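Asks: Here it is, the structure in full.
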Amino acid sequence: MAKILIADDDKNICELLRLYLAKEGYDICIANDGEAAVAAFEKEKPDLVVLDIMMPGIDGWEVCRRVRAAGNTPVIMLTAKGETFDKVLGLELGADDYVVKPFEAKELVARIKAVLRRCAPAAQDTEGVISYENLSVDLSRYELKVRGKVVDAPPKELELLYYLASHPNRVFTRDQLLDEVWGFEYYGDSRTIDVHVKRLREKLDGASSQWGLKTVWGVGYKFEVKE
C-alpha cells in the first residue's frame, strides 16, 4: 500500500488523517514543520505528500518546490485561504490538487485515492503512448519526451497533454478538460487549465511545426495537427 507524508503544524489534523488513512491501509508518516517535512520526504520517499501551506520554518510553497525538484511525487496542498492566487501558485509549483480548510476528512481521503490512481503507472498498458513528430507521451511510464529527450512534467500536465493529443483537432472547453482530466472530485476553477497549458507550451516550444497546443478564443483549447 502507498506511503503518505502528512505535513501540517496542526497535530489534531495530522492525527485525524492518520486514523482515516490507516483504516484504508496506507502507511503514514507525519511532519509538523517545513524542515521536518523535507527531512521526512528525503528519508521516507513517500508516494504522496499532503502539504499545509502555512507551517513554521520553511513554508509549504518552499517544501513543494523541493519535492517537485526531486521528482514527480504527487502533492496535495492544504490552504486556509482558498484564494485564486494561492490555487494558481500551487499549481504553477506542480501541485496535483489542493483542499481548502476546513475540510471533511473523507473528502481528502477520496482526493488522495484519486490522485494516487491517476499517478500510478498503468500496468502493461500497450495503448498508453501517443506519438507525433518530436513528441512522445507515455502514460504507462508517465514519461514525456520532446525531441527524443525526457522532459520533467508533473502527472497532471502529462494527462492533460495525453488527453488533448488523443483527440487531435478537437476543441475542448476548460470545464470539459477539468471533468475529463481532473475528474468529478475536483472543485477548482478553469484557470487551472490555463496554468497547465502555459507550462506545457514552454516545454514543447519549437518542437514541431506540424502540431501544437492552440487556444480557441472564447471556447478552450485543442491539440492542432496539420493535415
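The values are calculated or read from the model by the stated rules, or taken from the named source; none is laboratory data. Just so you know, these numbers come straight off a predicted model, no measurement behind them. Backbone-built Cβ (ideal geometry, glycine too); neighbour counts: all protein chains shown. What goes into the accessible areas is simple: the full protein's heavy atoms, side chains included, and nothing from ligands, DNA or RNA. Shrake-Rupley method; radii C 1.70, N 1.55, O 1.52, S 1.80 Å.
Asks: Where residues in the stretch 184-227 are open to solvent by 80 Å² or more (accessible area, probe 1.4 Å) and closer than 25 Å to Gly90 by Cα, which of them is modelled with the lowest pLDDT?
Replies: Phe184
Asks: Quick test for you: out of Gly71, Gly94, Gly60, Gly34, pick the one residue that is over 14 Å from Lys3 (Cβ atoms) and in contact with a Ser or Thr (Cβ under 9 Å, 6 or more places away or on another chain).
Replies: Answer to the check: Gly60.
Asks: Looking at Ala22, is it of a type in the set (Gly, Ala, Ser) and over 29 Å from Arg141 (Cβ atoms)?
Replies: Yes: the conditions hold for Ala22.
Asks: Would you confirm whether any residue within the stretch 58-80 is touching a Gly at 6+ places or on another chain (Cβ under 7 Å) and in contact (Cβ under 8 Å) with a residue 60 or more places away in the chain?
Replies: Checked against the condition, which is being touching a Gly at 6+ places or on another chain (Cβ under 7 Å) and in contact (Cβ under 8 Å) with a residue 60 or more places away in the chain, the stretch 58-80 yields at least one hit.
Asks: For residues that are aliphatic (A, V, I, L, M) and in a helix (DSSP H, G or I), tally how many sit in the stretch 1-30.
Replies: So the answer is 6.
Asks: Being among the hydrophobic types (A, V, I, L, M, F, W, C), open to solvent by less than 20 Å² (accessible area, probe 1.4 Å) and at pLDDT below 90: is that true of Leu177 here?
Replies: yes
Asks: Does Val150 satisfy being among the β-branched types (Val, Ile, Thr), modelled with pLDDT of 90 or more and either more than 19 Å from Gly94 (Cβ to Cβ) or not in a helix (DSSP H, G or I) (or both)?
Replies: yes
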